[in-house]
Each structure stands twice: as C-alpha cells, then as structure tokens.
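Reading through the structure tokens given below for one structure.
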Amino acid sequence: MDGCDCIEPLWPTDDLLVKYQYISDFFIALAYFSIPLELIYFVKKSSFFPYRWVLIQFGAFIVLCGATHLINLWTFTTHTKTVAMVMTIAKVSTAVVSCATALMLVHIIPDLLSVKTRELFLKNKAEQLDREMGLIRTQEETGRHVRMLTHEIRSTLDRHTILKTTLVELGRTLGLEECALWMPSRSGSSLQLSHTLRHQITVGSSVPINLPVVNQVFSSNRAIIIPHTSPLARIRPLAGRYVPPEVAAVRVPLLHLSNFQINDWPELSAKSFAIMVLMLPSDSARKWHVHELELVEVVADQVAVALSHAAILEESMRARDLLMEQNVALDLARREAEMAIRARNDFLAVMNHEMRTPMNAIIALSSLLLETELTPEQRLMVETVLKSSNLLATLINDVLDLSKLEDGSLELEIKAFNLHAVFKEVMSFIKPIASIKRLSVSVMLAPDLPLCAIGDEKRLMQTILNISGNAVKFTKEGHITLVASIVKADSLREFRTPEFHPTASDDHFYLKVQVKDTGCGISPQDLPHVFTKFAHPQSGGNRGFNGSGLGLAICKRFVSLMGGHIWIDSEGTGRGCTATFVIKLGVCDNTNTYQQQLIPLVWPSSADSDLSAPKVLPDGRGSATSLKSRYQRSV
C-alpha cells in the first residue's frame, strides 16, 4: 500500500481558486434570490394561473438553493460547527424540496400539454369565427346590394324600364362585362334576345328553346354556370384573343302573362320563364362567388315580382279604360233607350187615341149592322169584320198594358170595392159567349169570402176576364168553373215559392181564384212557356186558335204587382187545365155601403130561345145591355 500512487494527495488551498468560487457562489445566490421575486411578480400580474401552489413550491426550492450557495461562502475558510450545522440543514431542506418538486412536475407536464392542445383548439375556433364574420359581412354586403337593386327595380312600374334598370344595376354592382335577357317568343319554340347591357348585339336574336342548356336553366331555381360557348352566352361579338370569361344564367319566373313587344310579339307569352345571362370580364382570372350567385338569384325573384306588379297595374289600367268606355257606351245607350221609350210612349198615346176611337166605331156599327136584314154571305162578312175588330181592339189594349208594365209607369189604383160584384160582372161578360158555344159556366164563392176588399178592382177584373176568356176560347164542349176562396193562414206555406212569400196579417188576406175548364189542355212541354210574351203552344190541341200571346203574360205582371202568384196545371192535351192565382187584398171595415150597391143579375136558363140576351133590368139600361150582348156574341 505504501508504494501505491492511486490516491491523489491532498491539494493545498489556492487563494485564487477559492476567490473565484467565492464570487461565483455569491452571484449564484443572488440569481437564486431574484428568480422568486420575478415569479411573485408574474403570479401577481397574471389574471388566471391554475398552478400557483406549484410556483410557490418551485420558488421555495430556488430560495433554498440560493441559501445553500450563500452559506457555502463561509465554508471556504475555517468555520465553526454552527456554520456546518446551518449548511447541513440548508442542503437537507434543498434536497427534500427539490425531490418534491421533481415528483410534482411528473403530474403537471400532461396538464401543461393539454393547455397547449386547448390553445390550438381556441386558435382554430378563432379562425373559424373570423371566417364566419367574413361570411356575415359578405351577406350584409349582399343584402345591401339586394335592397339597393330592389329599390331601383321597384321605383317604376314600366316593365321595360324595370328590365333595363336591372341590367344596369347588376352590371355596376357585380362589375359585369355584359348582361342580357332572353324572352320566350310568340310560338314558344325559341328564346329571343330582348334586352342587353352594352348593346353589343342587336336585340331580336333567337335560340331554340329545346336546347339542353335552356332546359338545364329552366329546371333549376338556382343560378348556374354555363359554358361560354353556349348559344345563350353569345351576347357580345368575338374580337381578339381573350381568356374565356365565366358566364352565369338564371331563370326569371314570368309570374304574369306579359307583353314584351319585339316587332310583332303577341300579348301573351308562351312560356313561364325567361333567362338572364351574366358575363364576367374577360382577360381576368375572376370567378363567380357563391354570394354573387345568391345575389343574382334574389334579384331574379325580385324582377319577377316587379314584373307581375307592373302587369297587374297595366291590366287594371286597361280594365279602367275599358270600364270608362263601357260606362260612356252605357250612358249613350241609356239616353237612346230613354228617347226610344219616350218615342214609344208618344206612339202608344197616339195609337190609343187615334186607333181605339175608330175601332170602337167599327165594332159598334158592325154590331148594329148584324141587326139588319142581311144575306147569309153579308152576315158572314160582317161577323168576320166584327171578330177581327174585336181581336185588334184586344191586341191594342194588351200592348198598351204591357208597355206600361215594362216601363214601370203602371200604378195600381188601390181603393175599396165590392168583391162579389167583380165576379158577377165577369160572369156577365163570359156567359153570353159561353152560351153561344153551348158551354155551362158556374161560379162558386166561398161562404167566408168578404163582400168588400181593398185593392185594384180594374186589374183584378181584367185578370179574371183574361183567364176566363182563355178558358172559353180553348174549350169546345163541357163546362167552365170559377171558384173564389180565402187562403187560410195555416195553408199559406203551401203556396210559397222563391218569388212568392205570403205572410198572414190582420190588415190583409189572400184571395185564391181558380178557373177550371174541360178544354184542349196544355202539353207538359208547353207549360213552362204559357206566361212568355208572344209564345204560342206547339201542341196540336190548341194550334187552331188565334191569339197575340200577351194575355197570360199581362196577367202574370198584374198578379205580381198585386203581391201574388199565378200558375197553370194541366194533365195533358185534351184533358183541360186549371189556372190558379193568389193575390193579396186589404181588409175593408165598412161593408154596409157595398152591400146596398150590389144588384143581382138575372140570367136566362139554357132552354131559352135567345141565349145571348139577358133580361131587361128595372133601371132602363136594356138597350145598352142588348148592345153589349150583341158585341159579346160576335166575339
């Protein structure tokens, strides 16, 4: 062992090396003490830091390390046991804290890595938000352009101005090189170029409507990119070398039938879509963006709405002009009708005065002539003249009454009258004529039929006479029955029709009159036309009877004026018919006066030799009655 040199001999202390170590330990201690101060400043200024306790523990470790180097300054020279003890405690504490810190970092490092991951996630989210904000700004810009374009488009209601404004505003907003509109032609087999932005191509050019690119645009409600070589994209002349531009096309719904005149274009378009073509500038790398295509789609819809509004306005103005023309024509027609009515009334007044007077003279003289000695041929001719005169007088009376009914100048004469006397007066006219034809005539008045009533006596008598006269005229053999009764209040519902609504009251009552005959009857196909003016039955049973066809039409008007309803029933040709009408009459309180005025008429029996002459009444009116009977006999 003595000869072994493997153990390094003790090296005496070098003052220079000790001095360097001394200075180094001092600066190390100073650095260790400054780091906790910086950490404390960082924690204080940090608004959020999840590992404050870790920093405190790490700060304690650094402080202890600094304290160890500081205490070590006293170990370079001879030192006491106290210094050795302090140095030992400091190193032990430093070892404990450093081990605890090392172990703690094992758990903190994954969390720190997750914080880094979260930082990347937040960064990506921020970039996504930036993109969304850019999209929102783009949409806002698009919306602003749409509002501006919509305002410009809807500032007018002229359809050609709307389309021209649309092309100009789209060209300015989107920086287009060309923009055009293709409209359907009259035949619907082609599209014609109607409007362009730069006017580089003359309008009127056409392309077939059955092209694939046209069908593609029509079938999509979105703006689509079409080839620049497409016939729809030939909206400018080809000149020089250029980079092919991108061309977009969108359909424009024609929400209303439109009238875009190009030469002889029709008023109605054949298709429901037009096509708008938009071309970006050539010799540029610009492409269509999504928001630009969306802007084009919105503008196309707005153009369609504006065109429909303009078309509706034009139609309303045309309708207004047409209505004004119709009003002028109606006013002119009204004045002409009034003049015609006045002329007709004047004519009827003249006819009433100038024709009825000589006609009455002819009738009277013909009746007197029949009382003279005449040969059979002369009597036949006089009777023919008398019948024709009576027929003409009846026609004149019917025409006068009908004209008054149609122009509304006829007014009812409402007054109290003897109701029973009306039926007896009617019988006084009907029985002589029926006696000549060997017809039996009977009248039945209900026991509760009042003696007097309030209404138009003249029109009621004329209605009964007309219906009874028809019964006599169309009956060759058999009998005629006239029945008058009051409609009970509980039976009014049976007579209601869409035009007739009877109501019970104490101030009035409803009179029902029926005239039954056994005449030729009316066929079912002729029943709906019996009250039509100048209508004649087509059935053979009554084809041989002459008439004007006005009697029943006038009766219907009279009955309607008196608040009633009239109808005719028949089982068919040869089975007779029944004419019934219901009218409203007022209740008369004073019946004694009319009861005293009622004078019974005495008629001869059917066995008398002269069936047409009634007995002479005691008031000396026999001659007048005889003349009347002769007149009736000639009818």
Practice problem: Filter segment 552-583 down to residues that are basic (K, R) and more than 28 Å from L412 (Cα to Cα), then give me how many there are. | Solution: 1
Quiz prompt | All positions within segment 502-519 that are open to solvent by 20 Å² or more (accessible area, probe 1.4 Å), in a loop (DSSP other than H, G, I, E, B) and either of a type in the set (A, V, I, L, M) or more than 30 Å from D589 (Cβ to Cβ) (or both) | solution = A504, T518
Exercise. Please specify each residue of segment 273-306 satisfying the condition of being assigned to a loop (DSSP other than H, G, I, E, B) and open to solvent by 10 Å² or more (accessible area, probe 1.4 Å).
Key: P281, S282, D283, S284, A285, R286, K287, W288, H289
Quiz item: Across segment 450-459, which residue is farthest from R557 (Cα to Cα) among those that are in contact with a strand residue (DSSP E or B) (Cβ under 7 Å, 6 or more places away or on another chain) and open to solvent by less than 10 Å² (accessible area, probe 1.4 Å)?
Solution: C452
Exercise. Filter segment 419-441 down to residues that are under 12 Å from A484 (Cβ atoms) and open to solvent by 10 Å² or more (accessible area, probe 1.4 Å), then give me how many there are.
Key: 3
Quiz prompt | Unmet criterion (only one of (1) touching a Pro at 6+ places or on another chain (Cβ under 9 Å); (2) at pLDDT below 75; (3) not polar (S, T, N, Q)) for P245 | solution = (2)
Practice problem: Looking for whichever is at pLDDT 85 or above, among the basic types (K, R) and part of a helix (DSSP H, G or I) here; the options are K424, K387, K404. Which one fits? | Solution: K424
Practice problem: Please verify whether segment 472-484 includes one or more residues that are in a loop (DSSP other than H, G, I, E, B), open to solvent by less than 50 Å² (accessible area, probe 1.4 Å) and among the polar types (S, T, N, Q). | Solution: yes
Quiz item: Can you tell me how many residues in segment 362-377 are in a helix (DSSP H, G or I) and open to solvent by less than 80 Å² (accessible area, probe 1.4 Å)?
Solution: 6
Self-check item: Failed item in (1) of a type in the set (S, T, N, Q); (2) surrounded by 15 or more Cβ atoms within 10 Å (Cβ to Cβ); (3) modelled with pLDDT under 65, with Q595 passing the rest
Solution: (2)
Exercise. Could you list, in sequence order, all residues of segment 327-349 that are farther than 26 Å from A393 by Cβ, of a type outside the set (D, E, K, R) and open to solvent by less than 70 Å² (accessible area, probe 1.4 Å)?
Key: A329, A333, A337
Quiz item: Is it fair to say R356 is open to solvent by 80 Å² or more (accessible area, probe 1.4 Å), in a helix (DSSP H, G or I) and free of Cβ contacts under 8 Å to residues at least 24 places away in the same chain?
Solution: no
Quiz item: Which residues, taken from segment 307-320, are closer than 28 Å to E141 by Cβ and either open to solvent by 40 Å² or more (accessible area, probe 1.4 Å) or in contact with a Gly (Cβ under 6 Å, 6 or more places away or on another chain) (or both)?
Solution: H309
Quiz prompt | Restricting segment 520-531 to residues that are closer than 28 Å to S491 by Cβ and in a loop (DSSP other than H, G, I, E, B), the residue that is most open to solvent (accessible area, probe 1.4 Å) | solution = P524
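The values are calculated or read from the model by the stated rules, or taken from the named source; none is laboratory data. It should be emphasised that the depicted structure is a prediction, and the values quoted were computed from it without experimental measurement. With ideal geometry, Cβ positions are generated from the backbone for all residues, glycine too; neighbour counts draw on all protein chains shown. Ligands, DNA and RNA are stripped out before the accessible areas are found, and what is left, the full protein with its side chains, is counted by its heavy atoms. Shrake-Rupley method; radii C 1.70, N 1.55, O 1.52, S 1.80 Å.
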